[in-house]
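Here's the structure, in structure tokens; my notes come after.
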Amino acid sequence: MLKLVLIILVSLLLHLPARAETISLARGISLDTWLTWPADARLADPGIVSGFPEWRERISDTQLATIKATGFDFVRLPIDPAIFLWPANADKRKTLLSGTMQAVQRLKAAGLKVVVDVHAQPVAPGWRTIGSQTYLASDTAFLRYINLIEELSHALSEEDPARVALELMNEPTLDCAARSWNRKDRWPALLLRLHKAARKAAPRLTLVLSGACWGSAAGLARIDPRLIQDDNVVWSFHNYEPFIFTHQGAAWTGGGETYVTNLEFPPNKKQRRAMLNDADARIAAAKLGTSQKARLRRELRANLERYFNHGRRDMEKPFAIVQSWARKHKIAPNRIVLGEFGAHRPGGALLYDDSRARYLRAVRRLADDAGFAWSVWSWSGTFSLSASNDGHIFAPKLTGSLGLN
């Protein structure tokens, strides 16, 4: 009788579904040059759609091999959902999905693991009328986004879950003020729906999940992972603190940091007066109204004072928040990734790279000490690790700060 019971138990165990392997991430880089980010008017251009993602026609396999040789083990592949969800492209989804899969295969062939990042971008007047806010504006709009996630998940469902993962939404923009307004967070319920749809379409695929308020640590800490009930997920957060340093000179932010240049890292209090005077002069010269200039000056002074007095603490705080959240929910550090960090290089000026290197080293060490994987933003562009904003040759000073070749 005992023998018969053992035979039945072994038979049952053999027929149980195997537990999916979770992707193991360590050191990654986001490939921002591979985004198709045209304005609305070009989202349906035949050349853009047929060549999606556009990097496949201008990045060589040798250049891809350089990423691996430098010491990165994975790449974060941003895919712009707007081109999929633009109404005129409804009949072109198969072409866009095919291009995405070809990109994944080339990256795998280069020996890299791949996180397919559905990289939602915020709406921008005069440029893009469809973006993060659009997808989250109504249940109807969100259902269209869910359908896209289902299609991408299905397309990736046969990929090795140890080598390919899907990030469901980059930097959800909602819930930043939910607490102060005494409102209930919306994102946890939406994330649950996204996860359910992706998991149904791809039972084995590793999924990357993040919190609201631009994927921040605080947003992640407001997620209860017990609602997800899935061992095959990686949790992500972004950290660009202190923001006035990482986004100095970035015109698109609209804040006081736009008018800051040459701010050093770590904070050097000897710079305080010069930074204030220079930024004040730039604000004065800007074509803005009097009240707007006054607001920017107040914001700038407050943020610069905070930077000089608490810059290092602000950089460290997100890690403390995520570590506390992980301990509370018994989530292992190797299931957490610092999905983005980096610093802007205004105008492509290399004079910023000494401070940028020191900043990258400091953040990378915080992630390493916490046991988190990390992915730096980015290969090229204004947050570039390359020697120039429009190039793909790594600057040794910057890769060295990350402990790479």
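The values are calculated or read from the model by the stated rules, or taken from the named source; none is laboratory data. None of the values given here were measured: they were computed from a predicted structure. Note that each Cβ is placed from the backbone with ideal geometry, even for glycine, and that neighbours are counted across all protein chains shown. These area figures cover heavy atoms from the full protein model, side chains too; ligands, DNA and RNA do not enter into them. Shrake-Rupley method; radii C 1.70, N 1.55, O 1.52, S 1.80 Å.
Could we say that P203 is buried (at least 17 other Cβ atoms within 10 Å of the Cβ) and over 26 Å from Y359 (Cα atoms) here? Criteria not met by P203. Taken over the stretch 325-337, the criterion of being farther than 12 Å from S236 by Cα, assigned to a helix (DSSP H, G or I) and open to solvent by 60 Å² or more (accessible area, probe 1.4 Å) is satisfied by R327, K328.
Here R364 qualifies as touching a residue at least 24 places away in the same chain (Cβ under 8 Å), part of a helix (DSSP H, G or I) and surrounded by 17 or more Cβ atoms within 10 Å (Cβ to Cβ).
Tell me the residue from T62, T66, T95, T100 that is open to solvent by 50 Å² or more (accessible area, probe 1.4 Å), touching a Phe, Trp or Tyr at 6+ places or on another chain (Cβ under 8 Å) and either within 30 Å of L404 (Cβ to Cβ) or not in a helix (DSSP H, G or I) (or both), please. So that I can check it myself, show each step before the final result.
On the way: T62 fails: touching a Phe, Trp or Tyr at 6+ places or on another chain (Cβ under 8 Å); T95 fails: either within 30 Å of L404 (Cβ to Cβ) or not in a helix (DSSP H, G or I) (or both); T100 fails: open to solvent by 50 Å² or more (accessible area, probe 1.4 Å).
Result: T66 is the single residue among T62, T66, T95, T100 that is open to solvent by 50 Å² or more (accessible area, probe 1.4 Å), touching a Phe, Trp or Tyr at 6+ places or on another chain (Cβ under 8 Å) and either within 30 Å of L404 (Cβ to Cβ) or not in a helix (DSSP H, G or I) (or both).
Residues in the stretch 228-267 that are within 18 Å of A284 (Cα to Cα), polar (S, T, N, Q) and buried (at least 20 other Cβ atoms within 10 Å of the Cβ): Q248, T258.
Has the stretch 255-276 got any residue that is out of contact with any strand residue (DSSP E or B) (no Cβ under 9 Å at 6 or more places or on another chain), closer than 30 Å to S324 by Cα, in contact (Cβ under 8 Å) with a residue 12 or more places away in the chain and of a type in the set (K, R)? There is no residue in the stretch 255-276 that is out of contact with any strand residue (DSSP E or B) (no Cβ under 9 Å at 6 or more places or on another chain), closer than 30 Å to S324 by Cα, in contact (Cβ under 8 Å) with a residue 12 or more places away in the chain and of a type in the set (K, R).
Let's see how each residue does on (1) open to solvent by 60 Å² or more (accessible area, probe 1.4 Å); (2) among the hydrophobic types (A, V, I, L, M, F, W, C):
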| site | (1), (2) |
| --- | --- |
| A109 | yes, yes |
| D117 | no, no |
| P122 | no, no |
| D139 | yes, no |
| A155 | no, yes |
| L166 | no, yes |
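Can you tell me which residue among I130, I149 is surrounded by 19 or more Cβ atoms within 10 Å (Cβ to Cβ), among the β-branched types (V, I, T) and modelled with pLDDT under 95? Before the answer, list the steps.
Values: I149 fails: modelled with pLDDT under 95.
Residue meeting the stated conditions: I130.
Is at least one residue of the stretch 203-224 under 22 Å from L148 (Cβ atoms) and over 22 Å from the mean Cα position of the chain (by Cα)? Yes, the stretch 203-224 has at least one match.
What's the total number of residues in the stretch 374-393 that are open to solvent by 10 Å² or more (accessible area, probe 1.4 Å) and modelled with pLDDT of 95 or more?
First, pick out the residues of the stretch 374-393 that are open to solvent by 10 Å² or more (accessible area, probe 1.4 Å): 377, 381-383, 387-393.
Next cut, modelled with pLDDT of 95 or more only: 377.
Looking only at that region, the number is 1.
Filtering the stretch 268-318 down to residues that are small (G, A, S) and under 16 Å from H247 (Cα atoms), which residue is surrounded by the fewest Cβ atoms within 10 Å (Cβ to Cβ)? Break it down into steps so the answer makes sense when it comes.
Taking the stretch 268-318 first, the residues small (G, A, S) are 274, 279, 281, 284-286, 289, 291, 294, 302, 311.
From what's left, under 16 Å from H247 (Cα atoms): 279, 302, 311.
Working: A279: 24, A302: 12, G311: 21.
Taking the candidates together, the pick is A302.
Residues in the stretch 247-256 that are under 21 Å from the mean Cα position of the chain (by Cα), under 18 Å from R298 (Cβ atoms) and part of a helix (DSSP H, G or I): T253 only.
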